[in-house]
Amino acid sequence: MKLSLDDLLQTEALVTRSQHPHLAAALSRRCSRGLLDRLAPGVYGPSNARNSLPLRALAASLAWPDAVITGRTAAALTWWPELPADTIVVARKNGGDSFGSFKVERRAVNGGHITWRGQVAITCPALTVLDLIPSMGGNVIDEALRRRAVTLTALRGTLAETPGRRGNAQREELVEDSRDLPWSEPERFGQRHLRQAHITGWRTNVRVALGRTTMFLDIAFERELLAIEIDGWAYHNSRSSFEADRARDARLIAHGWTVLRFTAAQVDDEQAFVATITATLARLRRR
């Protein structure tokens, strides 16, 4: 029995013309009256469906059954829901024409690098991160590590499994640059400066218990009780965080620690950053 369009819309989020060719005229009429929207070739949904990223991704999968959602949309649908993703990038082995807010690229994605959300094929988190590095740099690695969406082992393995891609040199450099698990771009730069200056004896994200209080230090020289705190652009810009940071510093100092706090701009000055830490270490070691 052929269902009416109204009956289908009661049970289906989206309607495809290929599965219901008898509804072609009804679908066109509803679209012309603004009651339905053509989301992708041959795929129709409610007029507000364009505001739903999951529905738009589903529309792409219904229009192109071999499609894999990549890039920012893949991140937003899996582990980074706050990430804006206006254009949906779709990978297809044989390519195809783009449509509206869908960009189709010719690219084959290995089945081992695909995760599924219902009917929607999406690049796995590790491949998604690698895809976004050329446009987002190390920030996307930091965000994925902070959210525990990926591990460095997974990133290294996926990078090895996708050789020959343009931009792989940058990907490899930034993945290796993440071995000390920075949580922000300024932390990444600070760690890089220490390595390039051949300064050793430090660890990152160090857990310190002070009585009933537990805190994590960005960089710590535990033998010398030297804490390096780096104030990133996005995470230390409120009055409450300013107050909390000073309370942390006071508690650390009361327990014998020396605290050096750097802003992102100060970390950019590599020579001054390294010189300050070197001089402080020398003083603490003499003591």
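The figures follow:
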item	result
Residue check for Arg38: in contact with a helix residue (DSSP H, G or I) (Cβ under 8 Å, 6 or more places away or on another chain), surrounded by 12 or more Cβ atoms within 10 Å (Cβ to Cβ) and without any contact (Cβ under 8 Å) to a residue 12 or more places away in the chain	yes
Among residues of the range 96-117, those that are within 15 Å of Ala60 (Cα to Cα), part of a loop (DSSP other than H, G, I, E, B) and hydrophobic (A, V, I, L, M, F, W, C), counted	0
Residue check, Thr70 at pLDDT 95 or above, surrounded by fewer than 19 Cβ atoms within 10 Å (Cβ to Cβ), closer than 13 Å to Ala121 by Cβ and not small (Gly, Ala, Ser)	no
Only listed residue being out of contact with any strand residue (DSSP E or B) (no Cβ under 6 Å at 6 or more places or on another chain) and farther than 24 Å from Thr153 by Cα, chosen from Gly112, Gly95, Gly118	Gly118
Number of the condition not met by Phe189 [criteria: (1) surrounded by fewer than 18 Cβ atoms within 10 Å (Cβ to Cβ); (2) under 26 Å from Trp80 (Cβ atoms)]	(1)
Where a residue in the range 89-111 is within 16 Å of Thr162 (Cα to Cα) and touching a residue at least 40 places away in the same chain (Cβ under 8 Å) and its partner, wherever it lies, is among the acidic types (Asp, Glu) and loosely packed, with under 13 Cβ neighbours inside 10 Å, with Cβ under 6 Å and at least six apart	none
Sole exception among (1) surrounded by 12 or more Cβ atoms within 10 Å (Cβ to Cβ); (2) farther than 24 Å from Arg192 by Cβ for Arg261, by number	(2)
Single residue of Ala49, Ala59, Ala75 found to be of a type outside the set (Val, Ile, Thr) and within 25 Å of Met136 (Cβ to Cβ)	Ala75
Qualifying residue in the range 135-148 (condition: loosely packed, with under 14 Cβ neighbours inside 10 Å, in a loop (DSSP other than H, G, I, E, B) and not β-branched (Val, Ile, Thr))	yes
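The values are calculated or read from the model by the stated rules, or taken from the named source; none is laboratory data. Just so you know, these numbers come straight off a predicted model, no measurement behind them. With ideal geometry, Cβ positions are generated from the backbone for all residues, glycine too; neighbour counts draw on all protein chains shown.
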